[in-house]
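Encoded as structure tokens, the structure appears first; notes follow it.
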Amino acid sequence: DVKVTQSSRYLVKRTGEKVFLECVQDMDHENMFWYRQDPGLGLRLIYFSYDVKMKEKGDIPEGYSVSREKKERFSLILESASTNQTSMYLCASRTGGASSVGELFFGEGSRLTVL
Amino acid sequence: AQSVSQHNHHVILSEAASLELGCNYSYGGTVNLFWYVQYPGQHLQLLLKYFSGDPLVKGIKGFEAEFIKSKFSFNLRKPSVQWSDTAEYFCAVNWSGRDDKIIFGKGTRLHILP
């Protein structure tokens, strides 16, 4: 079974702090994603990555950055956390290739509260 | 801009009732279509997908969905729901050839009464 592990289930941070959310997958997947999930808004794509050191902006990249130094690890960084970034953050991965587009494996989520 | 609409935000049904959750997407060419489910306290998981071929696709746990191209729709159905189907359901669309971007709908919370 594919396992996508997010390092923190719950975090509480203060406005202006730098926040790191870590995600690791164990199935050698090429593609990794960060979404945020908010009630009534569904999932919105923040960033995704096709390969090590590669990244693409999603629909709401403002206020976020990402890092992918190793294939199995994809980190989401909030340079200066703000209250409107309070949310559930979901990491996902999939194997490369057109035939598996959309077949995402999700982690359990990291619930971030910014005070 | 591409968009995905789910008609119902919250649905309440009794066990054994039939279910249909609506999903429409904006026009944009060839699409890949998905339904995801999130059971309480669990991670999102793929329920079923449509890439091409038979527009009626079957997924896990007795769910099916029908792609109607002329209506830009991909409705999810189940003939007889169970209490264990209580979950949030998300429709998702990838516009083929437009990278890896998957657009999700806002979700439908399904509550099954025992």
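Summary of values
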| quantity | calculated |
| --- | --- |
| Residue-level accessible surface for residue A:15, protein heavy atoms, 1.4 Å, Å² | 90 Å² |
| Residue B:45-residue B:61 pseudo-label distance in nm [points 7 Å out on the Cα-to-Cβ vector] | 0.8 nm |
| Per residue value of the accessible surface for chain A (all protein chains in place, 1.4 Å probe), Å² | 48 Å² |
| Counting DSSP beta bridges with both ends in chain B, the antiparallel % (nearest 5) | 85 percent |
| Pairwise burial B:A, computed as accessible area of each alone minus the pair, summed, 1.4 Å, Å² | 1800 Å² |
| FRET efficiency, residue A:82 to residue B:15 (Cβ-Cβ, R0 35 Å, nearest 0.05) | 0.20 |
| Residue A:28 accessible area, 1.4 Å probe, all protein chains in place, Å² to nearest 10 | 100 Å² |
| Relative contact order, percent, segment A:41-101 [alpha-carbon distance under 8 Å, six or more residues apart] | 22 percent |
| Relative contact order computed over chain A (Cα-Cα under 8 Å; 6+ residues apart), in percent | 36 percent |
| Cβ-derived FRET efficiency at R0 25 Å, residue A:18 paired with residue A:54, nearest 0.05 | 0.65 |
| Label zone at residue B:109 (point 7 Å along Cα-to-Cβ), backbone N below 18 Å, segment B:5-25 | B:6-14, B:21-22 |
| Ranking by accessible area, most exposed first, for B:43, B:10, A:29, B:111 with a 1.4 Å probe | B:10, B:111, B:43, A:29 |
| Built amide H within the under 5 Å cut-off of residue B:11, gap 5+ | B:109, B:110, B:111 |
| Carbon plus sulfur fraction of accessible area for the protein assembly as shown, probe 1.4 Å, in percent | 51 percent |
| Entries of B:49/B:78; A:71/B:61; B:78/B:106; A:71/B:101; B:58/B:78 with Cα pairs more than 22 Å apart | A:71/B:61 |
| Gaussian network model of chain A, springs between alpha carbon atoms under 10 Å - residue of A:102, A:16, A:63 with greatest fluctuation | A:102 |
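The values are calculated or read from the model by the stated rules, or taken from the named source; none is laboratory data. A quick note: this is a predicted structure, and the numbers were derived from the prediction, not measured. All Cβ positions, even for glycine, are placed from backbone atoms using ideal geometry, and neighbour counts span all protein chains on display. These accessible areas exclude ligands, DNA and RNA; they are computed on the full protein's heavy atoms, side chains included. Shrake-Rupley method; radii C 1.70, N 1.55, O 1.52, S 1.80 Å.
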